[in-house]
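Just dropping this structure here.
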Amino acid sequence: MIRRIAPVLVLVGVIATLTPVIASSASMLDTSVVIAIYSLLALSVGITYGAAGILSVAQASFAALGAYITAVLSIRAGLSPWFCGAIAIALPAAFAYPFARLVTRLSPLALAIATLMFGYAFDIALREGGDLTGGYIGISGIPGIPLVGTSIRFHVLAWSIVALTVLGYKNLLDSHYGAALRTIRHDALRAAADGVSVDHLRSVALSLGAGVAGAGGWLYAHHITYIGPDSLNPTMSLSVLLMAVIGGSRSVLGPVVGAAGLTLIFKLIPSQETVGMFYGTALILCLLIAPNGIMGIRWFAQRASATARKSR
Amino acid sequence: MAEVFEYVFRGVLIGVTYGLLAYPISLLFVATGTVDLAIGGYAVLAGSVAASVHGWKGFAAAILVATIASSVVGGISTILSRRKGSDPLTIVLASFGFAVVLESVVLTAFGKDPFVRQPFSNFWNLLGVRVSPQAGINVAIGLIILAGVFFLLYRTPWGRSMRASSINPEGATLAGIPVRITRFSAFVLAGVFAGIAGILILYTSGLSFASGLHLTLTSLGAAILFGLGNPLRGFFGGIAIGIVEALSVGLAPQGLGTLLPYVFIFIVLCTGKISRAHIEGGRA
């Protein structure tokens, strides 16, 4: 039992300890909310890539889908942002499942390219969407969420959603679905022989990831109050992929650690043009040096084996 | 009808450059079993270098730079594939990261503005359609490289090693073929082709720092269309995709025109042969 809730306890503990410090300044609160949003996007990468082995280069597009849905519904239809939130999570998830059924039967390589293609086509669709998406200009003036008017409340809301996601994700991994996903990632043939419905389960994983990304997009839209084609673009897909990989895509808290670390580090990059160089180089270096990410390094296990060797 | 004919012609013109980029994609797939998503980035790099350095020196520098860039990815992929239980997806991910680096490098070094060169002012009149002599150059270079690739792959010892390392890496190693070096040389060759393609694109439709991913995806579609396993088919795949692109930009309503080629490539990808999941046999 304690194992199942350990990650979420660690997360809540850290955030609760830091909150008094963060709450003292408006800029830190803003950074904290941004980190929470990126954590959700990185967690969606963790679920699809880390757990199910689907390299999706389109997670930001699912987030953009959620953000545009909430923007259009809350401004044009005047619906409550809370209600819009439910749709911003449900619709990307509902859209991702048939999309996944179409692409997850492809080989892993073709699958990655198909998601890249989807992200790129989605980007064009947003720019050419006319009045619905606001074209290149995007949609501004998205209302705040009722009851969470202040920054500190938004901070609590954002991190609560992250905590809930972590809790659900850890429980999913520990369930028999998680075991089946691990088997699929390791050897799809074996999983099929065990009676696991491979295509269905991988599609569910992509769909869950899209839902989590949609939640991130919902928070993004109501936090920034603006959404445009450049907000959650394919480059953002790379950034969140990078966060998950650097943090450790196969561990539950890895994506959150990566999101926090990279957001803080990349605040220091001076010019917008060179961001790509940093992101790309960091990703390649991480793949070369620590392919399992920060949380994937077995800090204690290595030390333990070293002492074991000494004592022998 | 004449209009359609003109679009088809333009499609062939631009399609040849996609075909040129499709060679290295299938060559790398044949040799290493992965896809290099930075291919378009090499072409953009070469194109922007050729645009800023004049004359033959510019061409040489462009191809050299593209080759260096592709060798970097080749090196990274060699290190990554050395690892035990390495996943081809890691290499794809790394090449995607490198594509972003290249985009950022081109943006920083050469700026936001698109580059294009149109040296010809006299046009040929082919069946009532005005055609730039550049089209002739593109087709000629495309065919020369097609012949070159065929010769390299099927008539030289290097080509034999390449085919052997792709079909059965263990067997090739046992037969004394330096599999890793062969694979690395495929990356170098890919850089040369991408460099040439980049220069031709500069002189045909032009490019900007952001065209890299578009070029990669389009030429990937070209390579897959008639079978990724054979580099020679990519040329015709490129022409087919170029025609689809020109027709949809010309005839489809605004906005939909830029989207349609991707939908087409997406369908090609979902129905293509490489895409068949090997769950029944090969453990991917």
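The values are calculated or read from the model by the stated rules, or taken from the named source; none is laboratory data. As the structure is a computational prediction, the values presented were derived from the model and not from experiment. Cβ coordinates were reconstructed from backbone atoms using ideal geometry, including for glycine residues, and neighbour counts include every protein chain displayed.
Check A:Ser39, A:Ser61, A:Ser44, A:Ser27 and return the single one that is at negative phi and either more than 17 Å from the chain's Cα centre (by Cα) or without any contact (Cβ under 8 Å) to a residue 40 or more places away in the chain (or both).
Working: A:Ser39 fails: either more than 17 Å from the chain's Cα centre (by Cα) or without any contact (Cβ under 8 Å) to a residue 40 or more places away in the chain (or both); A:Ser61 fails: either more than 17 Å from the chain's Cα centre (by Cα) or without any contact (Cβ under 8 Å) to a residue 40 or more places away in the chain (or both); A:Ser44 fails: either more than 17 Å from the chain's Cα centre (by Cα) or without any contact (Cβ under 8 Å) to a residue 40 or more places away in the chain (or both).
Result: A:Ser27 is the single residue among A:Ser39, A:Ser61, A:Ser44, A:Ser27 that is at negative phi and either more than 17 Å from the chain's Cα centre (by Cα) or without any contact (Cβ under 8 Å) to a residue 40 or more places away in the chain (or both).
Also, I was wondering about something else. Consider the stretch A:107-159. How many of its residues are surrounded by 21 or more Cβ atoms within 10 Å (Cβ to Cβ), out of contact with any Pro (no Cβ under 9 Å at 6 or more places or on another chain) and more than 24 Å from B:Leu259 (Cα to Cα)?
4
Also: Taking the criterion of being touching a strand residue (DSSP E or B) at 6+ places or on another chain (Cβ under 8 Å), surrounded by 13 or more Cβ atoms within 10 Å (Cβ to Cβ) and closer than 20 Å to B:Ala51 by Cα, would at least one residue in the stretch B:100-108 satisfy it? Please lay out each step first, then the result.
Looking only at the stretch B:100-108, we keep the residues that are touching a strand residue (DSSP E or B) at 6+ places or on another chain (Cβ under 8 Å), and these are none.
No.
Scanning for something free of Cβ contacts under 8 Å to residues at least 12 places away in the same chain, buried (at least 24 other Cβ atoms within 10 Å of the Cβ) and out of contact with any helix residue (DSSP H, G or I) (no Cβ under 6 Å at 6 or more places or on another chain), does the stretch B:83-91 turn up at least one residue?
Filtering the stretch B:83-91 down to residues free of Cβ contacts under 8 Å to residues at least 12 places away in the same chain leaves B:83-87, B:89-90.
Applying the additional criterion that residues be buried (at least 24 other Cβ atoms within 10 Å of the Cβ) yields none.
Among the residues of the stretch B:83-91, not one is free of Cβ contacts under 8 Å to residues at least 12 places away in the same chain, buried (at least 24 other Cβ atoms within 10 Å of the Cβ) and out of contact with any helix residue (DSSP H, G or I) (no Cβ under 6 Å at 6 or more places or on another chain), which makes the answer no.
Any chance the stretch A:179-190 includes a residue that's more than 14 Å from chain B (Cβ to nearest Cβ), within 23 Å of A:Leu11 (Cβ to Cβ) and within 16 Å of the chain's Cα centre (by Cα)?
Taking the stretch A:179-190 and keeping what is more than 14 Å from chain B (Cβ to nearest Cβ), we get A:179-182.
Those left that are additionally within 23 Å of A:Leu11 (Cβ to Cβ): A:181-182.
Narrowing further to those that are within 16 Å of the chain's Cα centre (by Cα): none.
No, that holds for no residue.
If only one of A:Ala16, A:Ala6, A:Ala60 is assigned to a helix (DSSP H, G or I), hydrophobic (A, V, I, L, M, F, W, C) and crowded, with 24+ Cβ neighbours inside 10 Å, which one is it?
Values: A:Ala16 fails: crowded, with 24+ Cβ neighbours inside 10 Å; A:Ala6 fails: crowded, with 24+ Cβ neighbours inside 10 Å.
Being assigned to a helix (DSSP H, G or I), hydrophobic (A, V, I, L, M, F, W, C) and crowded, with 24+ Cβ neighbours inside 10 Å holds for just one of A:Ala16, A:Ala6, A:Ala60, which is A:Ala60.
Which ones in the stretch A:97-113 are within 14 Å of chain B (Cβ to nearest Cβ), assigned to a helix (DSSP H, G or I) and over 10 Å from A:Ile54 (Cβ atoms)?
The first filter runs over the stretch A:97-113 and keeps only residues within 14 Å of chain B (Cβ to nearest Cβ), leaving A:98-113.
Now narrow it down to the ones that are assigned to a helix (DSSP H, G or I): A:98-103, A:108-113.
The answer is A:Pro98, A:Phe99, A:Arg101, A:Leu102, A:Leu109, A:Ala110, A:Ile113.
Shifting gears a bit: Do the conditions hold for A:Gly293, that is, is it more than 9 Å from every other protein chain (Cβ to nearest Cβ) and at pLDDT 90 or above?
Considered against the rule, which asks whether it is more than 9 Å from every other protein chain (Cβ to nearest Cβ) and at pLDDT 90 or above, A:Gly293 comes out as no.
So, in the stretch B:211-231, exactly how many residues are within 10 Å of chain A (Cβ to nearest Cβ) and outside any helix (DSSP H, G or I)?
Qualifying residue count for the region: 1.
Can you find a residue in the stretch B:105-116 that is closer than 26 Å to B:Pro231 by Cα, modelled with pLDDT of 80 or more, assigned to a helix (DSSP H, G or I) and within 22 Å of the chain's Cα centre (by Cα)? Can you show your working first?
Going residue by residue through the stretch B:105-116, those that are closer than 26 Å to B:Pro231 by Cα are none.
No, every residue in the stretch B:105-116 fails to be closer than 26 Å to B:Pro231 by Cα, modelled with pLDDT of 80 or more, assigned to a helix (DSSP H, G or I) and within 22 Å of the chain's Cα centre (by Cα).
Return the residue satisfying two criteria in turn: it lies in the stretch B:153-175 and is of a type in the set (A, V, I, L, M) and surrounded by 16 or more Cβ atoms within 10 Å (Cβ to Cβ), and of such residues it is nearest to B:Val30 (Cα to Cα).
Keep residues of the stretch B:153-175 that are of a type in the set (A, V, I, L, M), which gives B:153, B:162, B:164, B:167, B:172, B:174-175.
Now drop any that are not surrounded by 16 or more Cβ atoms within 10 Å (Cβ to Cβ), which leaves B:153, B:162, B:164, B:172.
Numbers: B:Leu153: 11, B:Met162: 8, B:Ala164: 10, B:Ala172: 14 Å.
By that ranking, first place goes to B:Met162.
Still on this structure, I have one more. I need the full set of residues from the stretch A:136-167 which are without any contact (Cβ under 8 Å) to a residue 12 or more places away in the chain and touching a helix residue (DSSP H, G or I) at 6+ places or on another chain (Cβ under 6 Å), in order please.
If the condition is that a residue be without any contact (Cβ under 8 Å) to a residue 12 or more places away in the chain and touching a helix residue (DSSP H, G or I) at 6+ places or on another chain (Cβ under 6 Å), then A:Val148 is the only one that fits.
Let me ask another. Given the options A:Thr281, A:Thr263, A:Thr225, name the one that is at pLDDT 85 or above and touching a strand residue (DSSP E or B) at 6+ places or on another chain (Cβ under 9 Å). First the steps, then the outcome.
On the way: A:Thr281 fails: touching a strand residue (DSSP E or B) at 6+ places or on another chain (Cβ under 9 Å); A:Thr263 fails: touching a strand residue (DSSP E or B) at 6+ places or on another chain (Cβ under 9 Å).
None of the other options fit; the residue is A:Thr225.
Within the stretch B:33-54, does at least one residue satisfy the condition of being of a type in the set (D, E, K, R) and not in a helix (DSSP H, G or I)?
Yes, the stretch B:33-54 has at least one match.
Only one of (1) within 12 Å of chain A (Cβ to nearest Cβ); (2) under 19 Å from A:Ile113 (Cβ atoms); (3) in contact (Cβ under 8 Å) with a residue 12 or more places away in the chain; (4) of a type outside the set (Lys, Arg) is not met by B:Tyr42, so which one is it?
Every condition holds for B:Tyr42 apart from (1).
Of the numbered conditions (1) surrounded by fewer than 18 Cβ atoms within 10 Å (Cβ to Cβ); (2) away from every other protein chain (no Cβ under 14 Å); (3) farther than 30 Å from B:Ile224 by Cβ; (4) among the aliphatic types (A, V, I, L, M), A:Ala94 satisfies every one except a single condition; which is it?
Result: A:Ala94 passes all but (3).
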